[in-house]
Amino acid sequence: MFGAVKQSISRKLVLGVLVSTLTALLVACASMLVLDVHNYQTGWAEDLRAQADILAEVTKPALEFNDAGVAQENLLQLRARPPIVTAAIYRPDGKVFATYAKAPPDLARLPKRLPRPSQRIDGGKIGVAAPMLRNGELVGTIYVEAEYPLM
């Protein structure tokens, strides 16, 4: 009788250890997955923000001198980055100054009004809006949107 009880207790102990170990592994895997997705999203947003900041710096003079042609040429450099689908430069009054689209239908995705500085993920796209400042004064806003492959 005691042999059957010892075997039953040892089975329960082994089963308890296995269940708790499996639970810990599942929680750890889920945590790592969430962290990896967050880091991936943050990396994409930082990369787009850096691209927007570079474009803002080289395009400020064109905006200040009202040269939409130069601004358009600057935006066309985005062809070198295939994931980027649209970009726009807005005047301080909110009007569009220059645009870029990988494909013409993508222009419809651009914000109609001046976007506030932000980042957003929507429908497989990630967008970043950044102010263009000269001596602390707003001279425009740049918006860049790219395909977000994780979605």
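The values are calculated or read from the model by the stated rules, or taken from the named source; none is laboratory data. What you are looking at is a predicted structure, and each value in this text was computed from that prediction instead of being measured. Using ideal geometry, Cβ is built from the backbone for each residue, glycine included, and neighbour counts are taken over all protein chains shown. Ligands, DNA and RNA are stripped out before the accessible areas are found, and what is left, the full protein with its side chains, is counted by its heavy atoms. Shrake-Rupley method; radii C 1.70, N 1.55, O 1.52, S 1.80 Å.
Rounding to the nearest 10 and keeping the result within 0 to 90°, find how far the Cα-based axis of helix 2-64 lies from the longest principal axis of the chain.
Computed tilt is about 10 degrees.
Take every Cα pair under 8 Å in the chain that's 6+ residues apart, average their separations, divide by the length, and report that relative contact order as a whole percent.
22
Compute the Rg/Rh shape ratio of the stretch 35-151: radius of gyration over Kirkwood radius, all on alpha-carbon atoms.
On the way: Rg = 13.6 Å, Rh = 14.2 Å.
Reported Rg/Rh (Cα atoms, Kirkwood Rh): 0.96.
Which one of PHE97, PRO83, VAL70 is farthest out on the positive end of the charge dipole of the chain, using unit charges on Cβ (Lys, Arg +1; Asp, Glu -1) and the Cα centre as origin?
Result: PRO83, furthest along the dipole toward the positive end.
Any chance you could look up the accessible area of LYS112 with a 1.4 Å probe, heavy atoms only, rounded to 10 Å²?
Its heavy atoms expose roughly 150 Å² to the probe.
Per 0.36 nm of contour for each residue apart, how much would the distance between LEU76 and VAL17 grow if the chain were fully extended, relative to their Cα-Cα spacing?
Stretched fully, the LEU76-VAL17 segment lengthens by 15.2 nm.
Kindly rank 45-56, 63-74, 15-26 from highest to lowest mean number of other beta carbons found within 10 Å of each residue.
Working: 45-56: 17.9, 63-74: 15.7, 15-26: 10.0.
Sorting 45-56, 63-74, 15-26 by mean packing, highest first, produces 45-56, 63-74, 15-26.
Which shape class, rounded, prolate or oblate, goes with the stretch 23-97 when its Cα gyration tensor gives a ≥ b ≥ c as root eigenvalues, a/c under 1.5 marks rounded, and past that a/b bigger than b/c marks prolate?
Prolate.
Charges only on Cβ, +1 for Lys and Arg, -1 for Asp and Glu: so what's the dipole of the stretch 43-84 about the Cα centre, in debye to the nearest 20?
Here the stretch 43-84 has a charge dipole of around 160 debye.
Identify which of PRO115, PRO104, PRO131 has the largest mean-square fluctuation in a Gaussian network model of the chain, with springs joining Cα atoms closer than 10 Å.
Judging by the Gaussian network model, the answer is PRO104.
Using just the helices of the chain, give the 222 nm mean residue ellipticity in deg cm²/dmol: DSSP H runs with n ≥ 4 each add -39,500 (n - 2.57), and the total is spread over all residues, rounded to 500.
Estimated from H runs of four or more residues: -17500 deg cm²/dmol.
Name the lysines eligible as straight-distance cross-link partners of LYS112: C-alpha to C-alpha under 19 Å, and not fewer than 8 places from it in the same chain.
Within reach: LYS95, LYS102, LYS125.
Only Lys, Arg, Asp and Glu count, each charged at its Cβ (+1, +1, -1, -1), so figure out the dipole size of the stretch 72-151 about its Cα centre, rounded to 20 debye.
100
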